[in-house]
Amino acid sequence: MATRDREFAVVFTVLSFAEPLARIGAQFGDLPTHRASAAGVLWALGQALPLAVRTRWPTVCLAAVGISFAVHECLGYPPTFASLGLYIALYSVGAHQQHHRQAAPLAATGGYLVFGVTLHALGSPNTWTDFVVFYVALTAMWSLGAVVRGRRAHEAERRRLSAQAAIAEERSRMARELHDVVTHHVTAMVVQAGAAQYLTASPDRVGRALEAITGTGRTALAELRFLLDVLEATGESASRAPMPGRLPGLVEQARAGGQPIELVEDGEPADTATNVRLATYRVVQESLTNAAKYAAGERTLVRLAHTPAWTDVEVTTAGTAGGAADAPALRHGGAHVSGGRGLTGLRERVEMLGGEFAAGPLQEGGFRVYARIPAGGAA
């Protein structure tokens, strides 16, 4: 901005001495006009060149321009285009003054009173009405700058609040991601470790169980690294971050923990956005986590149906009405839908993308999670 001010001051100075603009400008006092002289040129420069610092030091600019204008008028030099610099300096004080914003207008008013008294002493024919009208015109320029400054401050505050809201939303999103990752993998490891203690009679099966636990831990670490990469990434680098996992691998991991799971996929997945594919992954991941926690050993069906416009995700955990498996499923539904981060977070994630989400117990027993996610991320 300082460079632009210097360029503006240079152009304004050149115009102040270029015909036919040279003799067009503000004139006040109606004192006898003197012939142009070197001193008149200097006072004209004093009204133009200080505009080079009008945004950096607006009060200094106004003081220099105001004094030069007052002396130029009191000495009766011919009108000059440079005198318009007084209006620009007043506007700059209103628009760019950061400190002592009330003191600057008071000081300028005091200077104007001295200017008026001096003109009257020199024999100016102007009446007090003329002085008031000219003062109002000068005040209007300062007020215009103050209005612009207020609007600029309001816009800056709006951007600040928008940035804070975006940060809060991103923190909430990352909290949901961390919940999904940690809850799923820790649950899987607990289930696998619990099952391994009953396999001591079969060393081979114990070894496979320990391998499954190790694989689950490595996957959890990989997904946590993914989340840290997203937190550190910005712009295009974030959009190119890899997906944390694939659904077949997620299903195999849950099977290794002893949960009987069937995966059915219809249609070809569209070339969807990363957030849509991640939402699909999280719906299945959270559903399998809850199935392992609340309906261990019950048959679970994961069905995906892809169309060019939608991806339908349905995860159904079996159980019999009044049976042991059904009661935990009902508790799982009530706990998470009412206040937990799990299904509530899934609902927020899917609806934010313009999709539909439903979760609850089935009439015939069991639990169902359903999500319809737009391929483009918005309905």
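Annotations for the structure displayed:
- Treating each Cα of region 2-126 as one equal point scatterer and applying the Debye formula with no solvent, the log10 of I(q)/I(0) at q = 0.13, 0.17, 0.18 Å⁻¹ comes out as -0.51, -0.84, -0.93.
- Put simply, when 146-158, 130-142 are sorted by average Cβ atoms within 10 angstrom per residue, most first, you get 130-142, 146-158.
- Summing +1 for each Lys or Arg and -1 for each Asp or Glu among the other residues whose beta-carbon sits under 14 angstrom from that of GLY66 gives 0.
- Protection proxy ranking of 74-83, 355-364 - average other beta-carbon atoms within 10 Å, highest first: 74-83, 355-364
- Neighbourhood net charge (12 Å Cβ-Cβ; Lys/Arg +1, Asp/Glu -1) for PRO78: +1
- For ALA375, the residues whose modelled amide H falls within less than 5 Å of its own, excluding neighbours fewer than 5 places apart on the same chain, are TRP310, THR311.
Every number here is computed from the coordinates shown, using simple stated rules; none is lab data. Model, not experiment: these values are computed from the prediction. Every residue, glycine among them, receives a Cβ derived from its backbone with ideal geometry; neighbour counts consider all protein chains shown.
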